Each structure stands twice: as C-alpha cells, then as structure tokens.
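The values are calculated or read from the model by the stated rules, or taken from the named source; none is laboratory data. On a predicted model such as this, the values are computed, not experimentally measured, just so you know. Please note: Cβ atoms are built from the backbone with ideal geometry, for glycine as well, and neighbour counts cover all protein chains shown.
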Amino acid sequence: MHSSSRFRFSLLLIALAALPATAALAQSSAAQTPPMGWNSWNYFAGKVDDKGIRAAADQIVATGMKDAGYIYVNIDDTWEGERDANGVIHTNAKFPDMKALADYVHSKGLKIGIYSGPGTKTCAGFPASLGHEEQDAKTYAEWGIDYLKYDLCSFRGDVMQKQAPDDKAAQMKLMIAAYEKMGKALKATGRPIVFSLCQYGWDSVWEWAPELGGNLWRTTGDIQARWQSIYDIASEQSGLEKYAGPGHWNDPDMLEVGNGKLSLAENRTHFSWWAMLAAPLLAGNDLPNIKPEIAAILTNKDVIAIDQDALGKQGKHAYSDGEVEVWTRELHGGAMAIAVINVGSDRYSTHPFHLDLEKIGLHGQQTGKDLWTGKTVTLSNHDSIELPSHDILLVRLDHPKS
C-alpha cells in the first residue's frame, strides 16, 4: 500500500471509529442494478423548470428510453425557493407545485429525483439542507421523490474549513457524519429513495459510503462533453471494481452522450465504457431535440444489458497495447463482455493491434455478438483489429472458452 493510501485509510478508520455504534445503515433495496434515467444539469443547468421536466418525462416515453430501462427523471440544482418560518423548504417560481410534478412523472410510469447538499447553499447558491436534514427528507417523501443527489459544495467552507481548518481527519469525520445524517433521515421516511453521494471521490468515498446508506457515489470531478474528460474519468475507475455491486455503485458522473461536439464514435464508446463499468446511466442531453442516431445509442438494449447485468460485477482494465485498451467484464451465467478501444487521436491505431485472448484468460476461437452491429463475430488469438480513433469493438461472449 502506498504511503498516501495508508494515510487515507488511517483517516477513514479514525472517522468511522468516531461515529456512533448505530451509524451503519441497513443496505437499501433500491438500485439493485445501476440507476438509469435522465438529469437536467448537463444540458439545461439553471434553465430547468416544471415544463422542461414534464417534457423530459414525455420524451423518455416517446423515444423508447423508458422501454429500454430509463426510469428516473432527475431535477438538479436551482429548483429551491426559501424556507418558511418553520424551516420547511419550498420551491421557487420555476416549480409551482412539486407534488403535482411528481404525480405527473409517476403517471408516466417513471420516477422523479431531486437535488440538495449538506451545506447552507447548493453549488448554484440556493438553500441546501444543513440543519434541516430530517425536515427536508420528510418533505421529499411527501412530494413523492424517489432519488436524491446530495452535493458537497458549500459544506466544505460552511463546516469543514470553519470547524477544522487544519485537521484533515476531523474534516473527514465531519463530511462522513453529514452524509450519514441524511442517509438516516431518508431511511426514516419509510420511502425507498435512492441516495446519491456527490462529493467527487474525495477521501475514498467508496470505502465508507455503503455503510451510510449510499446507493452510488461520485468517484471523480465533473464530466465534460469532450473526449479527454471521458477518457480521464474512465481511466480513474480502474481499481475500484471491488467496491461496486447490487445496491451500491461507483458513479463516474452523468452521460454526455449527445452533448457538445462528440463524434458518433466517441458517443458510442462513452456509452459502452459506462456500461462496462456498471455505472449509472443518467442521460443529460436535450431530449426534446434528440437526434435519431443519439437515441439509437442510448437505447441499444444489448449494451444496456451489459450495464444492468444481474451479477453486478464492474468491468476492469485488462491490458493496453500502444493506443489500444482492452477492458473485460464478467457477466451473469458465466458470460463475458470484451471492449477493445482505440484511445489514440489518430484515425487508426498507430500500429496493427492484435488481440491477445490469453491475456484475458481465454483460449481458442471465441464466438460472440458485436453489440453495435448486431452481427456474430469470431475472435481468434492475435486477430488483427483496426478501429477508428476513439471507437470501440464491444463483444458479448455467452459461452467463453477459458
């Protein structure tokens, strides 16, 4: 173990030891597979409103996304109004009746999510939940909320830096306690609400979030709609696979499929990579104006089946050869997914890539399905594979020969 890892682990032990003996929460039955849905932030940010959420719900149904498994319609930051004299949070003018909105989303056979944080203010400067955790959780349950994204933001300055300016162990204790408090508050409502921890992977969140009722936790900073961001975030997931499983997932952030200037190959690879990582699939694009080719990527049921596989085992980086990476994922029933990705900037890999099946524990000719063409493919040891820049070959082997 590296010295930095030992230091983080020591802080974790100190922080967890300081929590009450009753702190650990029973694992929620929610999110037995990675949550799938749509979040307002990546495309609409502060422009989100009641009308937009209703339109998103309509489009999820109309585009076939609901049938493909997308269930959650999540409102991100800027919905919050003021608290009344009793401290109860109210919505602002953009959301005149949150209960009615939740009822509308539910009428479509979908679920609805909301956003807050443990500090005094959200990232966008709206009222957050510090000191009102139980109150807010109760309000969310009364509205019919099914999912909470809980974003650290101002808690760093409000509490961590003020109360423990030079004590990293104490800061970590404060942060863990804040997330534990909301986790307990959500559980106390009696309503199954998915608890999404958004604190950017600090202090090895994957080591302690499940015990606090977390169903998913961000592992990195915010994603951006560009290849380098997608590649960097995906690369940082290597080594975290042992922390993922039914009810608790690593979250490399929301999907940027359909956003920015990503090529079709990059959109395809981004979606496939997140599926290999057993990541939550939370689209963040402009649903009312979705292009057919983007809808086709987001609704590829073969790729979604990889993400939602019942075994719940996150994929891992198997090996690299030049500018080509090979990732594998064990699937239910002994099946296997193999992703070959050209991560280089050239149109084709800088040298002929030959798949080495033995490096991924396979021997002999393998027959499977190319999940983007739908065709049967045969993989042989040292096959030559050429892929355009940032493109992917994603194959499912239902009966791999090891």
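Of all the residues in the stretch 201-212, those that are part of a loop (DSSP other than H, G, I, E, B) and closer than 20 Å to residue 115 by Cα number 2.
Here is a yes/no grid of residues against (1) crowded, with 22+ Cβ neighbours inside 10 Å; (2) within 22 Å of the chain's Cα centre (by Cα); (3) more than 21 Å from residue 201 (Cβ to Cβ):
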{"residue": "253", "(1), (2), (3)": "yes, yes, no"}
{"residue": "256", "(1), (2), (3)": "yes, yes, no"}
{"residue": "287", "(1), (2), (3)": "yes, yes, yes"}
{"residue": "290", "(1), (2), (3)": "no, yes, yes"}
{"residue": "306", "(1), (2), (3)": "yes, yes, yes"}
{"residue": "326", "(1), (2), (3)": "no, yes, yes"}
{"residue": "337", "(1), (2), (3)": "yes, yes, yes"}
{"residue": "341", "(1), (2), (3)": "yes, yes, yes"}
{"residue": "345", "(1), (2), (3)": "no, no, yes"}
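Checking the structure you have, find out if any residue of the stretch 229-249 is crowded, with 17+ Cβ neighbours inside 10 Å, among the acidic types (Asp, Glu) and assigned to a strand (DSSP E or B). No, because not a single residue in the stretch 229-249 is crowded, with 17+ Cβ neighbours inside 10 Å, among the acidic types (Asp, Glu) and assigned to a strand (DSSP E or B).
Identify, from the list 186, 152, 174, the residue that is touching a Gly at 6+ places or on another chain (Cβ under 8 Å) and over 18 Å from residue 31 (Cα atoms).
On the way: 186 fails: over 18 Å from residue 31 (Cα atoms); 174 fails: touching a Gly at 6+ places or on another chain (Cβ under 8 Å).
The match here is 152.
Residue-wise test of (1) more than 17 Å from residue 75 (Cα to Cα); (2) touching a residue at least 12 places away in the same chain (Cβ under 8 Å).
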| site | (1), (2) |
| --- | --- |
| 139 | no, yes |
| 146 | no, yes |
| 161 | yes, no |
| 178 | yes, yes |
| 183 | yes, yes |
| 186 | yes, yes |
| 193 | no, yes |
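Residues in the stretch 258-272 that are touching a His at 6+ places or on another chain (Cβ under 8 Å) and either under 22 Å from residue 200 (Cβ atoms) or not hydroxyl-bearing (Ser, Thr, Tyr) (or both): 262, 265, 266. Could you tell me whether residue 91 is hydroxyl-bearing (Ser, Thr, Tyr), within 24 Å of residue 142 (Cα to Cα) and surrounded by fewer than 22 Cβ atoms within 10 Å (Cβ to Cβ)? It is true that residue 91 is hydroxyl-bearing (Ser, Thr, Tyr), within 24 Å of residue 142 (Cα to Cα) and surrounded by fewer than 22 Cβ atoms within 10 Å (Cβ to Cβ).
Listed here are the residues, each with its yes/no results for (1) surrounded by fewer than 24 Cβ atoms within 10 Å (Cβ to Cβ); (2) basic (Lys, Arg).
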site: 120; (1), (2): yes, no
site: 133; (1), (2): yes, no
site: 181; (1), (2): yes, yes
site: 189; (1), (2): yes, no
site: 195; (1), (2): no, no
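Within the stretch 70-86, does at least one residue satisfy the condition of being buried (at least 19 other Cβ atoms within 10 Å of the Cβ), farther than 30 Å from residue 297 by Cβ, assigned by TED's automatic domain parsing to the domain that holds residue 201 and in contact (Cβ under 8 Å) with a residue 40 or more places away in the chain? Yes, the stretch 70-86 has at least one match. Looking at residue 148, is it farther than 21 Å from residue 87 by Cα and surrounded by 22 or more Cβ atoms within 10 Å (Cβ to Cβ)? Taking the combined requirement at face value, the residue does not satisfy it.
Just one of the listed residues (30, 45, 56) is of a type in the set (A, V, I, L, M) and in a loop (DSSP other than H, G, I, E, B), namely 30. The residues of the stretch 373-402 that are part of a loop (DSSP other than H, G, I, E, B), touching a helix residue (DSSP H, G or I) at 6+ places or on another chain (Cβ under 6 Å) and modelled with pLDDT of 95 or more, listed by number, are 390, 391.
Mind counting the residues in the stretch 94-118 that are among the basic types (Lys, Arg) and buried (at least 21 other Cβ atoms within 10 Å of the Cβ)? Steps first, answer last, please.
Quick first cut of the stretch 94-118, residues among the basic types (Lys, Arg) only: 94, 99, 108, 111.
The next check asks that each one be buried (at least 21 other Cβ atoms within 10 Å of the Cβ); those that pass are 111.
Matching residues across the stretch 94-118 total 1.
The residue that is farthest from residue 248 (Cα to Cα), among those in the stretch 197-217 that are of a type in the set (Gly, Ala, Ser) and without any contact (Cβ under 8 Å) to a residue 60 or more places away in the chain, is 201. Taken over the stretch 307-327, the criterion of being closer than 19 Å to residue 239 by Cα, of a type outside the set (Asp, Glu) and touching a residue at least 40 places away in the same chain (Cβ under 8 Å) is satisfied by 312, 313, 314, 315, 316, 317, 318, 319, 324, 327.
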